[in-house]
1. Please verify whether Ala48 is surrounded by 14 or more Cβ atoms within 10 Å (Cβ to Cβ), in contact (Cβ under 8 Å) with a residue 40 or more places away in the chain and on the phi < 0 side of the Ramachandran plot, treating the condition exactly as stated.
2. Output the residues belonging to region 39-60 that are of a type in the set (A, V, I, L, M) and closer than 26 Å to Val136 by Cα.
3. Against the condition surrounded by 14 or more Cβ atoms within 10 Å (Cβ to Cβ) and not in a helix (DSSP H, G or I), how does Pro162 come out, does it pass?
4. Can you find even one residue in region 53-62 that is assigned to a loop (DSSP other than H, G, I, E, B), surrounded by fewer than 17 Cβ atoms within 10 Å (Cβ to Cβ) and at pLDDT 85 or above?
5. Inside region 146-167, can you point out the residues that are within 24 Å of the chain's Cα centre (by Cα) and in contact (Cβ under 8 Å) with a residue 60 or more places away in the chain?
6. Can you go through Val81, Val106, Val88 and tell me which one is assigned to a helix (DSSP H, G or I), in contact (Cβ under 8 Å) with a residue 40 or more places away in the chain, outside the structural domain of Arg23 (by TED's automatic domain parsing) and within 24 Å of Ala186 (Cβ to Cβ)?
7. So if I check each of Glu144, Glu95, Glu138, which one is among the acidic types (Asp, Glu) and modelled with pLDDT under 95?
8. For region 18-45, what are the residues that are without any contact (Cβ under 8 Å) to a residue 24 or more places away in the chain and basic (Lys, Arg)?
Amino acid sequence: MTAAEAKHDQSPRPGGHRFAERRRELADAAIQTLSELGYARTSLREIAQNSAFSHGVLHYYFADKVDLITYCVRQYKAQSVLRYDQIVSRAKTPERLADGFADALVATVRDEGRMHRLWYDLRSQALFDDSFRADVLEIDDSLERMIWRIVSRYAELLGVEPTTTPSMAYTMFDGAFQMALLRHLAGQPEALAELRTHTRMLLAHVTCTPVGTERVS
């Protein structure tokens, strides 16, 4: 860290409000490079070269690239959970919930595909590197709970009970989402339309409701 950078940061102490805020700012600046290059090709020095911050500043706020990447993904996924929870809270009919959920998944793949590519990269790395596993499992758990809130609310609006478990529901939706992401990144034009259709089909499957027969209340 240069003298000018240290002065700008006013030596915030780890654990303090300013330190936490600075970590968020640096993560926002780094996320573009991370999402473009992925885990294996990214280092703190590489991120510094593609941002306005020096390697010293990044290393002061993050122990290593594992710390930075997991922080970035945690932050992004937490924002995503809030976005989907808003869809659940606003939907008053099963049809609107299904449409809102499907549209949000499609928009996420279309507009934020690189961020999700980074998430799947991180999750794959956790199979080999145990330094990631606790964070990955915690993020996965938060996403599973999010999907279950959608499934539970959809079933409630239909007046039925879910026909699966939270873990199985998450596995199915995550699989459909990941496949759509891969196909979209590969330039397959039908990927997004198929994701929308598959989302509606899965919602029907986990509640045993024929597609297109949602009751409007």
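1. Working: surrounded by 14 or more Cβ atoms within 10 Å (Cβ to Cβ): yes; in contact (Cβ under 8 Å) with a residue 40 or more places away in the chain: no; on the phi < 0 side of the Ramachandran plot: yes.
No.
2. Going residue by residue through region 39-60, those that are of a type in the set (A, V, I, L, M) are 40, 44, 47-48, 52, 57-58.
Passing the criteria: Ala40, Leu44, Ile47, Ala48, Val57, Leu58.
3. Working: surrounded by 14 or more Cβ atoms within 10 Å (Cβ to Cβ): yes; not in a helix (DSSP H, G or I): yes.
Criteria met by Pro162.
4. no
5. Within region 146-167, Met146, Arg149, Ile150, Arg153, Tyr154 meet the criteria.
6. Numbers: Val81 fails: within 24 Å of Ala186 (Cβ to Cβ); Val88 fails: within 24 Å of Ala186 (Cβ to Cβ).
Answer to the selection: Val106.
7. Only one candidate qualifies: Glu138.
8. Arg18, Arg41, Arg45
The values are calculated or read from the model by the stated rules, or taken from the named source; none is laboratory data. All of these numbers come straight from a predicted model, not from anything done at the bench. Note that each Cβ is placed from the backbone with ideal geometry, even for glycine, and that neighbours are counted across all protein chains shown.
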